[in-house]
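A.B. asks: The structure that follows is given in the form of structure tokens.
Derivation of every value follows stated rules applied to the coordinates shown; laboratory data play no part. Everything numeric in this text was worked out from a predicted model, so none of it was measured. Note that we place each Cβ from the backbone using ideal geometry, even for glycine, and neighbour counts take in every protein chain shown.
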């Protein structure tokens, strides 16, 4: 029986919706495929503070999810960092079983980023995707006033934008789907608003296979 | 904040957890390493202000303006003396390329940098002992040919490096172009004498009435000195190739000014004087002619309007105020008269700027005008006179062939100043000659010490764009004007025309400086940081430090930096600053321990320190 945990690390307010879109769309696609799935946010992380790190969780299983009432993902198989700098700050690899996947939104290559990853020997692949560029995004941090608009939905009220993944989440979802096969592309693609970025990301991922590349203890 | 559900390892569960100590000035807040919230790291990176970049000798202008603003005049004078041997002279005569480059010029009015420099120079003149002393003698002897700006500058820098310097000057008095090319009502001779006295106090020997090729030969220079700097300037005047230029009453610009400056002038001007040329020397000649007794002075230029004339606009304005007339689009083609100039023949002409032919196009087919004058002063540039120079070191322009370091082949001979800079596109002005003298002095020092010569480094980042600064911090404020003598009285006397700043004026003007791209310790970042992330032991440039463990990268300091010296650099460009937290808010190992230690110490401290 297959059971997969996906944890998304994102930043409070300014990229909160991006993280939420990833877990929600993957969980919804899995249900369409007849699997059991759930998606939730970690409110303890204080997501209503700009830039604060915050986590979103998704679980997909062929059968009943036994730990459905546990709050955190204890052993994430897939970790997504919506903002590249997070690679330096947290132990996002904690609990990852061998053969995991780490997906990072960054314009750097995996060769460069690998130095910041704690415990890379557990990874089967390190994936870098320049989501901000693919989604043609005016990079978030330079225009906080304009771009931190989604405060209401961050506070737990209604989603301000009804679109799913209109922005940098689309290439990241493409990276998750292509490199892990957690759900099928056909199922998830119709939900995605930014189809162009999704399509482009399918061809422009920097994937570094790691089983052979990194020696344990090296 | 609730911590319910957050994974906290057992090792972190200690008694005092949860009590947050107050942030301190040295460490900022010391509990949560919120530095990993940051994607952009603020970095202090001083850029080159455009004034420093434009200055021929790269004076640290922003630096001394900042010191003047704070009332540290002596520090400011010492800073200026690093690059400029005679600020009291350039504070009067410089054509201030710095002010043309000043970013404030795009905003309201450029800073009056020259006036502040003059204020500092005059302060230096009043000191009993100069702040600069000769370096420890290194036993090597250097000869400098020419005591003009380039020679003076090279001698000054070499004396600071410990060389035994001898200046050879062919005129009876030292000073070169500073004395012989600048009228006394711009630069009073006692100011220059004082600066030369300072040079002599540094141990520089000045031998006047010594001409190379006549009193001392090339091989003697080679034999008697370890190295030699040729800063001979451009001493021969250009002719306009008009008929009858040899008639009595025709005077050339630079010899006219030089003889007056040296006190050897025998010229008696008639009431009507024409000046040929539209440059700065021509302007000086026209104004000097008024002071020498001329009543009507007319300046004849090939340029079609005054805006096109190759001169400093302020000087042109002052000249017109004194009553000099301008006659545009004319070239002198002949000097008429029976043995003595009586009139000039003028043809319509225009400045074409041609490089391979004559840059002046004269329309000789049009009818000529006759212009009656008693004297004509021709001031259309100068050229070098280097007959004594071995042919191998002459170039096709008839000047000295020097490489980009100012060196003549593989010899220990160097050349500096106008004689090298003419024809290179570099504007010929005192400050450029001073800068050349300085660079050649340092190159000479390297050669004698057997070091490799390196090309002059090009500044990488000069701020020209006002958007890189935060202009909301700079209210519009007019320039503090220097007082001028009234035109009618000044044109009859040799008194200095432009008066210097008072202390209050200098401080007021220096305070207008934007400090483009360079930290001037305004303390703004320190005050606006929402967290105590910026620490400084004292308020001074280079003392500010960002506590990267705690800076969240909110960019407030970067946006609010008035000068634009703070930059946001992507955090991933740095290998440092990796702080692993277990979860979003769980504290990393060690921090709780440190907090506990601090809390333990609290009990031992007297109450007033807590």
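A.B. asks: Normalised by the residues of the range A:1-106, what does the relative contact order come to in percent, with Cα pairs under 8 Å and at least six apart?
C.D. replies: 34 percent
A.B. asks: If each of residue B:222 and residue B:141 carries a label point 7 Å out from its Cα toward its Cβ, how far apart are those two points in nm?
C.D. replies: Using points 7 Å along Cα→Cβ, the separation is 1.7 nm.
A.B. asks: Compute the Kirkwood hydrodynamic radius of the range B:238-383, taking the inverse of the mean of 1/r over all pairs of distinct Cα atoms, and give it in Å to one decimal. Mind showing how you got there, number by number?
C.D. replies: Working: mean 1/r = 0.0656 Å⁻¹.
Value: 15.2 Å, from the Cα pair sum.
A.B. asks: In what sequence, highest mean first, do B:469-477, B:434-442, B:336-344 appear when ranked by Cβ atoms within 10 angstrom?
C.D. replies: Working: B:469-477: 13.7, B:434-442: 25.6, B:336-344: 16.3.
Most protected by this proxy first, the peptides run B:434-442, B:336-344, B:469-477.
A.B. asks: Here is a follow-up. Please compute the average number of Cβ atoms from other chains found within 10 Å of each residue's Cβ in peptide A:14-26. Intermediate values should be presented prior to the final figure.
C.D. replies: Values: counts 1, 0, 0, 0, 0, 0, 0, 0, 0, 0, 0, 0, 0.
Average neighbour count from other chains, rounded to a whole number: 0.
A.B. asks: Another question about this same structure. So what are the range A:3-209's ellipsoid semi-axes, whole angstrom, largest first, if each one is the square root of 5 times an eigenvalue of the alpha-carbon gyration tensor? The partial results should precede the final answer.
C.D. replies: Working: eigenvalues 94, 82, 65 Å².
Semi-axes from the Cα gyration tensor: 22, 20, 18 Å.
A.B. asks: Could you state the number of Å between the C-alpha centres of the range A:68-92 and the range B:44-75?
C.D. replies: 50 Å
A.B. asks: Label the range B:180-238 by shape, choosing from rounded, prolate and oblate, from the square roots a ≥ b ≥ c of the eigenvalues of the Cα gyration tensor; if a/c is under 1.5 it is rounded, and otherwise prolate applies when a/b is larger than b/c, oblate when it is not. Walk me through the intermediate numbers first.
C.D. replies: On the way: a/c = 2.90, a/b = 1.42, b/c = 2.05.
Note, shape of the range B:180-238 comes out oblate.
A.B. asks: Which distance in nm do the two modelled labels at residue B:352 and residue A:48 give, with both placed 7 Å along the Cα-to-Cβ direction?
C.D. replies: 7.9 nm
A.B. asks: So between residue B:580 and residue B:426, what do we pick up on full extension, going 0.36 nm a residue minus the alpha carbon distance?
C.D. replies: Values: separation 154, 0.36 × 154 = 55.44 nm, distance 5.60 nm.
Contour length minus the Cα-Cα distance gives 49.8 nm.
A.B. asks: Angle between the Cα long axis of helix B:149-160 and the longest principal axis of chain B, 0 to 90 degrees, nearest 10?
C.D. replies: In chain B, helix B:149-160 runs at an angle near 50 degrees to the longest axis.
A.B. asks: Could you tell me which of rounded, prolate or oblate describes the range B:104-152, using a ≥ b ≥ c as the square roots of the eigenvalues of the alpha-carbon gyration tensor, with rounded for a/c under 1.5 and, failing that, prolate when a/b is larger than b/c and oblate otherwise?
C.D. replies: On the way: a/c = 3.07, a/b = 1.95, b/c = 1.58.
It is prolate, given that a/c is not under 1.5 and a/b is the larger ratio.
A.B. asks: Determine the gain in length on full extension of the stretch residue B:43-residue B:314; use 0.36 nm per residue of separation and subtract their C-alpha separation, reporting nm with one decimal. Mind dumping the intermediate values first?
C.D. replies: On the way: separation 271, 0.36 × 271 = 97.56 nm, distance 4.07 nm.
Here the answer is 93.5 nm.
A.B. asks: Okay, next question. Label residue B:366 and residue B:472 with points 7 Å out from Cα along Cα→Cβ: what is the distance between them in nm?
C.D. replies: Those two pseudo-labels are separated by 5.7 nm.
A.B. asks: What is the diffusion coefficient of the protein assembly as shown in µm²/s, taking the Kirkwood radius over Cα pairs and the Stokes-Einstein relation at 10 °C with a viscosity of 1.306 mPa s? Can you show the working numbers first?
C.D. replies: Details: Rh = 32.5 Å.
Translational diffusion coefficient: 49 µm²/s.
A.B. asks: For every helix of n ≥ 4 consecutive DSSP H residues, a contribution of -39,500 (n - 2.57) applies; sum these over the protein assembly as shown, divide by its total residues, and give [θ] at 222 nm rounded to the nearest 500 deg cm²/dmol. If you can, show how the numbers build up before the last one.
C.D. replies: Numbers: 28 runs with 232 residues, N = 828.
About -7500 deg cm²/dmol.
A.B. asks: Here's something else I'd like to know. Using the C-alpha gyration tensor of the range B:119-257, what are the square roots of 5 times its eigenvalues, in whole angstrom, with the largest one first?
C.D. replies: Details: eigenvalues 182, 98, 19 Å².
Three semi-axes, in Å: 30, 22, 10.
A.B. asks: Still on this structure, please answer the following. If you average the alpha carbon positions of the range B:426-492 and of the range B:400-419, how far apart do those two centres end up, in angstrom?
C.D. replies: Each part reduced to its Cα centre gives a spacing of 22 Å.
A.B. asks: By how many degrees, 0 to 90 and rounded to 10, does the Cα axis of helix B:280-291 deviate from the longest principal axis of chain B?
C.D. replies: So the helix axis and the longest Cα principal axis differ by about 60 degrees.
A.B. asks: By DSSP, what percent of the beta bridges with both residues in chain B are antiparallel, rounded to the nearest 5?
C.D. replies: Counting DSSP beta bridges with both partners in chain B, the antiparallel share is about 45 percent.
A.B. asks: Expected output is a single nm value to one decimal: the length gained when fully extending between residue B:327 and residue B:75, i.e. 0.36 nm times separation in residues minus the C-alpha distance. What is it? Before the final figure, lay out each step's value.
C.D. replies: Numbers: separation 252, 0.36 × 252 = 90.72 nm, distance 4.77 nm.
Difference between extended and current length: 85.9 nm.
A.B. asks: Highest mean first, what order results for B:92-104, A:32-44 on Cβ atoms within 10 Å?
C.D. replies: Details: B:92-104: 22.8, A:32-44: 17.7.
Ranking, from highest mean packing down: B:92-104, A:32-44.
A.B. asks: Quote the FRET efficiency, to the nearest 0.05, computed for residue A:199 versus residue A:162 with a Förster distance R0 of 25 Å and r equal to the Cβ-Cβ distance. Let's see the in-between values first.
C.D. replies: Numbers: r = 22 Å, r/R0 = 0.86.
That gives a FRET efficiency of 0.70.
A.B. asks: Kindly work out what percent of the DSSP beta bridges joining two residues of the protein assembly as shown are antiparallel, to the nearest 5.
C.D. replies: Numbers: 45 of 94 bridges.
The antiparallel proportion sits near 50 percent.
A.B. asks: While we're here: Put one equal scatterer on each alpha carbon of chain B, apply the Debye formula with no solvent term, and list log10 I(q)/I(0) at q = 0.11 1/Å to two decimals.
C.D. replies: -1.09
A.B. asks: Next up: Tell me the angle of helix B:591-604 to the major Cα principal axis of chain B, expressed in degrees between 0 and 90 and rounded to the nearest ten.
C.D. replies: The two axes meet at around 80 degrees.
A.B. asks: Among DSSP beta bridges whose residues both lie in the range B:238-383, state the antiparallel percentage, nearest 5. Write down the numbers at each step before the final one.
C.D. replies: Values: 13 of 30 bridges.
Here the antiparallel bridges make up roughly 45 percent for the range B:238-383.
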